[in-house]
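This report refers to the structure that appears directly beneath it.
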Amino acid sequence: LGRRRAPARATQAHGRTLSGASDSLPPSFVLRARWAAATEGLVAASTAPFLALALPQVAKNAANLAAGDAAALAGLPWLGYAASLVGNMLMLSYFSRNHERMAACVQLVGVMGQSAVLAQVAGAGHMPGWAVAVIAAGVVTGLGVNFTAVLGIKPGRLMTLLQGVWYAAGVLVGATTLPAFVLQAVAPGASIWQGVCLGAVACAV
C-alpha cells in the first residue's frame with residue numbers, strides 16, 4: 001500500500017511546486033503580461049473607428065452608382081486612396097510578419113476599405129486602366145502573402161520565395177511611390193511618373 005501511494009504523493013508535491021513557481025513570478029513580469037493583454041484589447045477595439053471612417057464613403061458611393069450618378073465620384077482623388085492603401089498594406093505586411101494578429105486586423109480593415117472605394121471609383125470610369133490592374137494585382141498578392149504569415153502557416157518553397165519578393169517589393173514601392181503622391185499634392189498638374197522616377201533615382205542613390 002505504501003508503494004502504491006507514493007506516486008500520488010509525488011504528484012501532489014509536483015503540483016505544489018508548480019503552484020509555488022507561478023505564485024513566485026516577479027511583479028514586473030505579471031504587470032507586463034497584463035499590460036500586453038490590455039493593449040491587445042485596445043488594438044482590437046480600434047477596428048471600430050476604422051470601420052466608421054470607411055463605411056460611410058463606401059455606402060455613399062454605392063448609392064450614387066445605383067442612382068446612375070457616376071459623375072459624383074469624379075471628385076474622389078484615387079491617388080490619395082491609393083497612397084492610403086499602400087500605407088495600410090505596408091503596415092499589414094509588417095504586423096503579419098511579426099505575427100501581431102490584432103494589429104494586422106486593423107490594417108486589414110483599412111486595406112479593404114480603401115480597396116472598396118478604389119473599386120467604386122474604377123467602376124465609375126475615373127481611374128486609368130493600368131492603375132486598376134496594378135492595384136488589383138498588389139492587393140490580391142498582398143492578402144495572400146500576409147494571410148499565410150499571420151495565420152502561422154508553414155510556407156513551401158514557392159510561398160517563401162514569394163514572401164521574400166513581396167517584402168522587398170513593398171519597401172521599394174513605398175520608397176518610389178511616396179514622392180509621386182507628394183508631388184501630386186504639391187503640383188496637381190504634374191505627371192505621376194515624374195514622382196515615380198524621382199523616387200527610383202533616390203532609391204538608386
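Each residue of the range 50-61 is assigned a 3J(HN,Hα), and the resulting list reads 4, 5, 5, 6, 8, 4, x, 5, 5, 5, 5, 5 Hz, derived from the Karplus form 6.51 cos²θ - 1.76 cosθ + 1.60 (θ = phi - 60°), x at Gly and Pro. Maximal additional length on extending the His99-His126 stretch stands at 6.0 nm, based on 0.36 nm per residue less the C-alpha distance.
When each pair of different Cα atoms in the range 44-173 is counted once in the 1/r mean, what is the Kirkwood radius in angstroms, to one decimal? By the Kirkwood definition, the hydrodynamic radius is 15.5 Å.
Taking 0.36 nm per residue of separation and subtracting the current Cα-Cα distance, fully stretching the chain between Val58 and Cys197 would add 46.8 nm. Each of Met159, Met127 has its accessible area taken with a 1.4 Å probe; listed largest first, they run Met159, Met127.
Per residue, the range 52-119 exposes an accessible area of 50 Å² to a 1.4 Å probe, with every protein chain left in place. By a 1.4 Å probe calculation restricted to protein chains, Tyr167 has an accessible surface near 40 Å², given to the nearest 10. Taking θ as phi - 60° and the Karplus parameters 6.51, -1.76 and 1.60, the scalar couplings of the range 118-131 work out to 5, 5, 5, 5, 5, x, 7, x, 10, 9, x, x, 5, 5 Hz in sequence order, x denoting glycine and proline.
The values are calculated or read from the model by the stated rules, or taken from the named source; none is laboratory data. Keep in mind that this is a model prediction, so the values were computed, not measured. Areas reflect the complete protein model, heavy atoms only, side chains present, ligands, DNA and RNA absent. Shrake-Rupley method; radii C 1.70, N 1.55, O 1.52, S 1.80 Å.
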